[in-house]
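Here is the structure we will look at.
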Amino acid sequence: MAYKNSSPWNNTKIVNDNYLGILNIRPIPAKLDDVLFTITPQYTHRPDLLAYDLYDNPKLWWVFAQRNMDVLKDPIFDFEAGLQIFLPRGSALSSSLGL
(Lines give C-alpha, C1' and ligand atoms only; values in the text may rest on other atoms or scores of the structure.)
Protein backbone atom coordinates (compact mmCIF):
# COMPACT_ATOMS: atom_id res chain seq x y z
CA MET A 1 0.00 0.00 0.00
CA ALA A 2 1.44 3.38 -1.00
CA TYR A 3 0.43 6.68 0.52
CA LYS A 4 -0.58 9.68 -1.59
CA ASN A 5 1.65 12.72 -1.97
CA SER A 6 -0.65 14.66 0.34
CA SER A 7 -0.04 12.21 3.20
CA PRO A 8 2.45 12.90 6.01
CA TRP A 9 3.43 9.21 5.74
CA ASN A 10 4.32 9.35 2.04
CA ASN A 11 8.08 9.12 2.70
CA THR A 12 7.78 6.42 5.37
CA LYS A 13 8.71 2.94 4.24
CA ILE A 14 6.21 0.11 4.48
CA VAL A 15 7.43 -3.06 6.16
CA ASN A 16 5.97 -6.48 5.31
CA ASP A 17 3.04 -4.97 3.37
CA ASN A 18 1.17 -4.40 6.65
CA TYR A 19 3.19 -2.07 8.84
CA LEU A 20 4.75 1.34 8.52
CA GLY A 21 8.40 1.69 9.38
CA ILE A 22 9.80 4.53 11.45
CA LEU A 23 8.21 7.84 10.50
CA ASN A 24 10.27 9.77 7.98
CA ILE A 25 9.06 13.34 8.54
CA ARG A 26 8.24 15.35 5.45
CA PRO A 27 9.71 18.80 6.01
CA ILE A 28 7.81 21.87 4.87
CA PRO A 29 10.61 24.37 4.25
CA ALA A 30 10.22 28.04 5.09
CA LYS A 31 9.86 30.25 2.02
CA LEU A 32 10.13 34.01 1.71
CA ASP A 33 6.56 34.24 0.43
CA ASP A 34 4.98 32.34 3.36
CA VAL A 35 2.06 34.26 4.83
CA LEU A 36 1.86 35.13 8.53
CA PHE A 37 -1.71 34.25 9.50
CA THR A 38 -3.59 34.81 12.74
CA ILE A 39 -5.91 31.88 13.41
CA THR A 40 -9.52 33.05 13.57
CA PRO A 41 -12.19 31.56 15.86
CA GLN A 42 -13.79 29.51 13.07
CA TYR A 43 -10.57 27.46 12.76
CA THR A 44 -10.00 26.83 16.50
CA HIS A 45 -8.92 23.17 16.85
CA ARG A 46 -9.76 22.64 13.14
CA PRO A 47 -6.63 22.79 10.98
CA ASP A 48 -8.45 20.53 8.53
CA LEU A 49 -10.97 23.31 7.79
CA LEU A 50 -8.20 25.81 7.13
CA ALA A 51 -6.41 23.31 4.87
CA TYR A 52 -9.62 22.79 2.95
CA ASP A 53 -10.22 26.53 2.57
CA LEU A 54 -6.64 27.21 1.46
CA TYR A 55 -5.68 24.11 -0.51
CA ASP A 56 -9.03 22.38 -1.25
CA ASN A 57 -7.73 19.36 0.66
CA PRO A 58 -8.50 18.84 4.37
CA LYS A 59 -5.90 16.07 4.52
CA LEU A 60 -3.14 18.69 4.34
CA TRP A 61 -3.81 19.80 7.93
CA TRP A 62 -0.46 18.37 9.00
CA VAL A 63 1.37 20.94 6.86
CA PHE A 64 0.65 23.64 9.43
CA ALA A 65 2.18 21.55 12.22
CA GLN A 66 5.29 20.78 10.16
CA ARG A 67 5.79 24.40 9.06
CA ASN A 68 5.19 25.77 12.60
CA MET A 69 6.83 23.18 14.83
CA ASP A 70 8.08 25.89 17.19
CA VAL A 71 4.51 27.13 17.84
CA LEU A 72 2.29 24.07 17.44
CA LYS A 73 3.39 21.31 19.81
CA ASP A 74 -0.05 19.68 19.54
CA PRO A 75 -1.35 20.22 15.99
CA ILE A 76 -5.01 20.16 17.07
CA PHE A 77 -5.32 21.62 20.56
CA ASP A 78 -2.66 24.32 20.09
CA PHE A 79 -4.48 25.49 16.95
CA GLU A 80 -6.38 28.29 18.67
CA ALA A 81 -7.77 31.68 17.74
CA GLY A 82 -5.23 34.48 18.08
CA LEU A 83 -2.17 32.29 17.44
CA GLN A 84 0.02 33.42 14.55
CA ILE A 85 1.37 30.75 12.21
CA PHE A 86 3.08 30.74 8.84
CA LEU A 87 1.12 29.37 5.88
CA PRO A 88 2.88 28.05 2.81
CA ARG A 89 1.44 29.30 -0.46
CA GLY A 90 -0.41 26.68 -2.47
CA SER A 91 2.03 26.74 -5.38
CA ALA A 92 5.06 26.32 -3.11
CA LEU A 93 3.34 23.52 -1.24
CA SER A 94 2.45 21.74 -4.46
CA SER A 95 6.05 21.79 -5.61
CA SER A 96 7.39 20.69 -2.18
CA LEU A 97 5.00 17.74 -1.94
CA GLY A 98 4.83 16.85 -5.60
CA LEU A 99 1.08 17.45 -5.87
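Hey, does the range 5-17 have a residue that's of a type outside the set (A, V, I, L, M, F, W, C), at pLDDT 75 or above, part of a loop (DSSP other than H, G, I, E, B) and surrounded by 11 or more Cβ atoms within 10 Å (Cβ to Cβ)?
no
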Quiz prompt | Residue list for the range 48-67, filter: within 15 Å of Thr38 (Cα to Cα) and under 11 Å from the mean Cα position of the chain (by Cα) | solution = Leu50, Ala51, Phe64, Ala65, Arg67
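Here's the yes/no breakdown for (1) in contact with a Cys (Cβ under 9 Å, 6 or more places away or on another chain); (2) under 21 Å from Asn10 (Cβ atoms); (3) surrounded by fewer than 16 Cβ atoms within 10 Å (Cβ to Cβ):
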| site | (1), (2), (3) |
| --- | --- |
| Arg26 | no, yes, no |
| Ile39 | no, no, no |
| His45 | no, no, yes |
| Ala65 | no, yes, no |
| Lys73 | no, no, yes |
| Glu80 | no, no, yes |
| Leu87 | no, yes, no |
Self-check item: Where Ala30 falls short, out of the listed (1) surrounded by 13 or more Cβ atoms within 10 Å (Cβ to Cβ); (2) closer than 17 Å to Leu97 by Cα; (3) modelled with pLDDT of 85 or more
Solution: (1)
Exercise. Kindly indicate whether Asp70 is more than 20 Å from Asp33 (Cα to Cα) and free of Cβ contacts under 8 Å to residues at least 60 places away in the same chain.
Key: no
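The values are calculated or read from the model by the stated rules, or taken from the named source; none is laboratory data. Keep in mind the model is a prediction, meaning the values are calculated, not measured. Cβ atoms come from the backbone with ideal geometry, glycine included; neighbour counts cover every protein chain shown.
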